[in-house]
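**Student:** Quick one: structure below, then a few questions.
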Amino acid sequence: MSDTTSAPSQQPASLKQVTRATRMKETALKNLFLACACVAVLAVILIFIFTFWKAIPVITQIGLKDFFSLSWAPTEGHYGILALLAGSGIVTVGSLALGVPLAVGCAVFLTEIAGKKLASVVSTAVDLLAGVPSVVYGFFGLVILRPIVARLTGGLGFGALTVWLVLAIMIVPTITTLTMDALRSIPMGIREASFAMGATRWQTIYKVVLPAAKMGIVNAVVLGMGRAIGETMAVLMVVGNAPVIPAGIASPLSTLTSQVALDMGYSSGLHRSALFGMGCVLFIISAALVGIVRKMSSMREDGRGRSKHRRAKAADRAAVAAAGISFDHPEDPAEHAPVQVLTGDDVTPVTGVVTEPREGSRARIKRLLAQGSSSAGGSNKNRTNDLMIGVFRTAGVVATAVLVLIIGFVAVNGLPVMSLDFIFGWPEGVNAEGGIFPTIVSTLYVTALAMLICVPIAVLAAVYLAEYAKQGRLVTFIRYAADTLSSVPSIVMGLFGYALFVEAMGFGLSMLSAALALALMMLPIVMRTTEEAIRSVPRYIRWGAYGLGSTKWQVVSKIVLPSAFPRIATGIVLAIGRAIGETAVVLYTMGQAINLPLTPLDSGRPMTIHLYQLANEGINMQAAYGTALLLMVMILAFNLFARYLSRRSASKSKGN
C-alpha cells in the first residue's frame, strides 16, 4: 500500500522540467528576438519620418499645388515635380513593355520547355545578370547602347529609348526568377490532364499553366515595376537629365531618382527640401506597390485554400478548354442539373421530367478530339505550337546573350588595363590615373562593417518569425515592413542615411554612416532567406529534441540554426553582393575621398562611385573599364559562391 500511495505524489516532481530561471531566460530571449524583428518596422517608420521632416518646407513654403506643377527650375524658385513624375512613369512603362514579354518568355522556356542541363545553364545566366551592379548597366548603356540609339534617331542618344533598353535588361532577372517560382508551383497533374486531352505544349502553356500562375506573374511584374521606378544610377547616366516632358522617345528627360542624384550634391534650402519631398513620393509609391503585391498574394493563398474537389474540377475545365473543347451549356452540367445516373456514355436525369438522352461528356470529348485531329486542324495546331516554342527558345537565348554581351563588353575592354599595379596601386593626378587600391579597400571595409551590423539582427529576427511568432497583426505588419524595406529605392535610403546618420547622429560622411544605411538594405534579404532556411528544417527533429527535455532556445541554437546554416550563408553572401554593387546609398553617406580608411568614422570612395565618376566625366575610360571588370568579377564570384552553397545544402538535405 505504501508503494501505491507514494507513486502519485512523486509523479508531479518528475514531470517538472523547466525551472523558473529557465522560463525567465526563454522569455527574455523571445523578447530580444521580437525586438530584432521590429527593427524593420522601426526602419520603415524612421525613413518616412526623416524624409518627411526634411520635406516639411514643401508644404509650408512651396505648397503642394506648386510642388506638383510642371516647372522644375530651382534657380528661379520653381519646384514642380510633375514633369519628373511623368518621366518616371514613361521610363517605367516603356521598360516593362520591353522587359516583361522577354522575362515571361524566358521563364516559360526554363520551366516548361528546356531540358534540365540547359535550364540550369540559362538560369545561372539569369541569376548572374541579377547580380550585375546598376552602375555597370549604366556604363554599358552609356558606351554601347547610347551610340546605337544616336545613329538610329539622329540625336545624342540620351532619352527614353536608351533608358527603356537599359531598364528592360535590369528587370528581366527579377521578373524571370519570380515567374519561374510561380510556374513551378503549378501541380504537374494539370499539365498531364491537358496533354491527355490532346492539347499541344503551347496550348497547355497558354490556356492552362499561365492562367493558373497569373497571380504570381502579376506579383513579379509589380516588383519589377518597383525596381524600374526606383533605379537611380543607370538612369542618371543615360536619361539626359532634362526636367521637361519629352517631345519623343529620343528626347532627353529626367526622373525623380535621377534628379535627386543630380542635384543633391549642391542643393540647399528649399531646393534640398524639394529633393526630400521627391524621396517621400518615391517611398509612398514603393510602399503602395508592396501593399498591392501582398494583397494579391493573400488573394492567391485564399484561392489555394479551396477544396480539392473544386481545384480538380477547375483543372479539368482548363484542360478541356486547352484542347479546343466547348460545351453547349455555359457551365458544367453537373453543377446545375438534378441528380443524374450514368448509363454507359449517356447521362439521364432521374427526375420526373422526361428529357431526351444527352450526349455524355466522355463521348463528346472523344468526338471533338477526333475532329480536332484532322489533317488541316492538326497541321495548323502543330505549326502554331512550333512557332511559339521557337519564340520561348528565343527569349531564353536572348537572356543568355545579354549576359554574355555585358560580360564580354566589360572583359574585352577591361582586361588590357588589368595588372598588379592597377589593383594594388594608388590613384594619381586627378584620381583618374594609377591604381584603384583605396577604392577596393573602402568597398570591402564598408561591406564587412555593414555585414557585422546586419547579420545578427536579421538572423535573430528570422528566428522569431519562424520559431516564436504566432500569426497576427503584429507579424503581418513586420513582414510588410520588411518587404517595404527591401523595395525602398536606393536613392531614398541614401537620403535617409544622410538625414539620420550623417546629420542627426553626427557621424558625418563616413564608413559607419554608409554601413548603417547598407545594413538596412541587407536586412530584409538576410531575414527572408534565413526564415526560409529555418522553416525548411524538418519538424520531427525539433520534436525529438523536445522529447529529450530541451528548451526552445536549446533546440534553435543547437539543432535548427546549424542545420539551416548553409542556406543562411547563401542569403548572407547574396546580401554582400548587393552591398558591394550599391551606388546611390554610399554616394551620400560615405563621401568620395580617396584614402585608406582606418576607423569607422573615416571617409572613403567605393569602387561603384569611382566607376561612376570615371565613366560619367569620361576622364579615363580605360580605368573605368578596369574598375567595372574587377567589380563584376567580385560580385559574380559572390553569386556563384551563393549558388554553390545552395546546391550543397540541397544535396545534403537529400542525403547525398
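**Student:** What are the pairs, 6+ residues apart or on separate chains, where a residue within the range 11-28 that is modelled with pLDDT of 80 or more has its Cβ under 9 Å from a residue that is surrounded by 10 or more Cβ atoms within 10 Å (Cβ to Cβ) and of a type in the set (D, E, K, R)?
**Tutor:** That search, which allows pairs on different chains as well, returns Glu26/Lys552.
**Student:** Here's a follow-up. Only residues that are surrounded by fewer than 19 Cβ atoms within 10 Å (Cβ to Cβ) and within 35 Å of the chain's Cα centre (by Cα): list them for the range 75-85, please.
**Tutor:** Result: Leu82, Leu85.
**Student:** Return a yes/no flag: does the range 479-490 have any residue that is surrounded by fewer than 21 Cβ atoms within 10 Å (Cβ to Cβ), part of a helix (DSSP H, G or I) and free of Cβ contacts under 8 Å to residues at least 12 places away in the same chain.
**Tutor:** no
**Student:** Something else: Only one of these conditions is not met by Phe422: (1) part of a helix (DSSP H, G or I); (2) at pLDDT below 85; (3) over 29 Å from the mean Cα position of the chain (by Cα). Which number is it?
**Tutor:** Tallying (1) part of a helix (DSSP H, G or I); (2) at pLDDT below 85; (3) over 29 Å from the mean Cα position of the chain (by Cα), Phe422 fails exactly one: (2).
Every residue, every condition in (1) in contact with a Ser or Thr (Cβ under 8 Å, 6 or more places away or on another chain); (2) at positive phi; (3) hydroxyl-bearing (Ser, Thr, Tyr); (4) assigned to a loop (DSSP other than H, G, I, E, B), yes or no:
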position	(1), (2), (3), (4)
Tyr206	no, no, yes, no
Met215	yes, no, no, no
Val222	no, no, no, no
Ser251	no, no, yes, yes
Leu270	no, no, no, no
Ser273	no, no, yes, no
Leu282	yes, no, no, no
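**Student:** Provide a single number: the residues in the range 539-558 that are over 18 Å from Lys25 (Cβ atoms) and either buried (at least 19 other Cβ atoms within 10 Å of the Cβ) or touching a residue at least 12 places away in the same chain (Cβ under 8 Å) (or both).
**Tutor:** 2
**Student:** Can I ask one more? Could you pull out the residue among Val463, Val475 that is crowded, with 23+ Cβ neighbours inside 10 Å, under 30 Å from Asn31 (Cβ atoms) and not small (Gly, Ala, Ser)?
**Tutor:** Val463
**Student:** Condition test on Val149, is it under 30 Å from Ile609 (Cβ atoms) and modelled with pLDDT under 85?
**Tutor:** Criteria not met by Val149.
**Student:** So, Lys65, is that one charged (D, E, K, R), out of contact with any Pro (no Cβ under 8 Å at 6 or more places or on another chain) and surrounded by 16 or more Cβ atoms within 10 Å (Cβ to Cβ) or not?
**Tutor:** Here the answer is no, as Lys65 does not meet what is asked.
A quick yes/no check of all residues on (1) part of a helix (DSSP H, G or I); (2) closer than 16 Å to Ala228 by Cβ:
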residue	(1), (2)
Val93	yes, yes
Gly105	yes, no
Leu128	yes, no
Phe139	yes, no
Leu142	yes, no
Arg146	yes, no
Arg151	yes, no
Phe158	no, no
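**Student:** Taking the options Leu596, Leu614, name whichever one is over 30 Å from Thr27 (Cβ atoms), assigned to a loop (DSSP other than H, G, I, E, B), among the aliphatic types (A, V, I, L, M) and more than 28 Å from the chain's Cα centre (by Cα).
**Tutor:** Leu596
**Student:** To continue, here is another question. Could you tell me whether any residue of the range 257-265 is surrounded by fewer than 21 Cβ atoms within 10 Å (Cβ to Cβ) and at pLDDT below 85?
**Tutor:** Yes, because at least one residue in the range 257-265 is surrounded by fewer than 21 Cβ atoms within 10 Å (Cβ to Cβ) and at pLDDT below 85.
**Student:** Using the structure shown, decide if Leu460 is in contact (Cβ under 8 Å) with a residue 24 or more places away in the chain, within 30 Å of Ile113 (Cα to Cα) and aliphatic (A, V, I, L, M).
**Tutor:** Criteria not met by Leu460.
**Student:** Picking from Pro173, Pro147, Pro133, Pro187, which residue would you name as being within 27 Å of the chain's Cα centre (by Cα) and surrounded by fewer than 20 Cβ atoms within 10 Å (Cβ to Cβ)?
**Tutor:** Only one candidate passes the filter, namely Pro187.
The values are calculated or read from the model by the stated rules, or taken from the named source; none is laboratory data. None of the values given here were measured: they were computed from a predicted structure. Glycine also receives a Cβ, built like all others from the backbone with ideal geometry; neighbour counts cover every protein chain displayed.
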